[in-house]
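Computed from the coordinates by the stated procedures, all read-outs in this text should not be read as laboratory data. Remember, it's a predicted structure, so these values are computed and weren't measured experimentally. Here the Cβ is made from the backbone with ideal geometry for all residues, glycine too, and neighbour counts use every protein chain on show.
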Amino acid sequence: MKKLALHWKIIIGMVLGVVFGLIASKMGWASFTNDWIKPWGTIFVNLLKLIAVPLVFASLIKGVASLSDISRLSRIGGKTIAIYLTSTVIAVTIGLLLVNTVNPGSDFDKESIEVTESTKLGANKKIVDAANVKEDGPMQFVVDIVPTNIFSSASNNRNMLQVIFFAILFGIAMVMLPNDKTHHVKGFFDGINDIILQIVDLIMLSAPYGVFALLAGLVVDFGASATLFIALGKYSLTVIAGLLLMILVVYPLILRLFTKVKYLDFFKGISPAQMLAFSTSSSAATLPVTMERCEDHLGVSEEVSSFVLPLGATINMDGTSLYQAVAAVFIAQAFGIELDLSQQLTIVLTATLASIGAAAVPGAGMVMLVIVLGAIDVPTEGLALIFGVDRILDMMRTVVNVTGDATVATIVASTEGELREVTEKELMS
């Protein structure tokens, strides 16, 4: 297995986990599986939770601090961030509309799901929380975003919005100070970010075994029901439909509204970066090619591309956000959890803000999904439902992420008068 790529190892782990779960269900090994196999899956999920806060904090500070000179880039920066956030909200909304229309997780046999005591306690807690919310004012949600103690907030993944708020504030303050006073701090957070990404790589090495344990336990819990595989197929198609809508409808419409660039020409210019994004599942790995294609083949100025695209690789994750919205509601449907309007709006806000801190590396979307699930009190064990197909979907959503970055770069360049016309030779080369 050493020579196999990680995604193949994960797929093998998934298949073996399903096979083991089916055998365990038929042979009456449910107790053994839950006692000795499933805990390893829980450990893997806990590892993902472990690095969620430092991953968001370090990568977000690094991204905001990259603004460097506010006086020169304030207008471009404000425009860029506004468009990035708007496109992310659109992506999450499309995901929610699709998943609520298709209902891919609604076909599960709810009676076959083992309701644990912790799940019952969680349901009771939600009732109490709902009663408390009625007593709060309409601005309480905004008040809750601002932390009173960042260390306390960082100790609980459910307070991720508070961590994100502090990270943005910290990054802005760094930008406003002279470079000689923040040079070492920037270097510190660059190093922290690299270390956290290395930890992510180490955790992902255990992914095949974690997936095996999670799926083995899941198949046993669900009684080896065929509805699991049917629902998984519907879920995958729902995500893919949303991603196609972003690339074939949303981005062409935005380009048509704000630029004179034809989307076919845009697609020809950016297609090599899209292919690399698909093969690597990494916006960061694709960034050099994305910048080269935007500058040399779409006519975006170097000033705009060097700011918009690196920032986009850090804070603009349209494909990832859409996937998180679909995945969160799908998992809730699978567990028989009804999400009201306020919870779905929480998904929009949390997925949008979490995408700002998502690292541009393979598998980071799964880490961010933990945050979204935590915000709406959906069991994170449901990650096992989608992990098996996550690699393929990760490749596809990275294409959307990179395409979104290039789209925004083209729009900003056009509105700033920094977009030159390209020749047919430049476009096709």
> Over what distance in Å are the Cα centres of the stretch 179-251 and the stretch 319-333 separated?
Replying inline: 11
> Computed over the Cα atoms of the stretch 378-421, what is the ratio Rg over Rh, Rh following Kirkwood?
Replying inline: 1.33
> Hey, any idea what the orientation-averaged projected area of the convex hull of the stretch 307-346's Cα atoms comes to, in nm²?
Replying inline: 3.3
> What's the local net charge at Phe212, with K and R +1, D and E -1, over the other residues with C-beta under 12 Å away?
Replying inline: +2
> Ranked highest first by average number of other Cβ atoms within 10 Å, how do 185-195, 290-300 line up?
Replying inline: 290-300, 185-195
> Hey, what D do you get for the stretch 200-304 in µm²/s if you plug the Kirkwood alpha-carbon radius into Stokes-Einstein at 25 °C and 0.890 mPa s?
Replying inline: 142
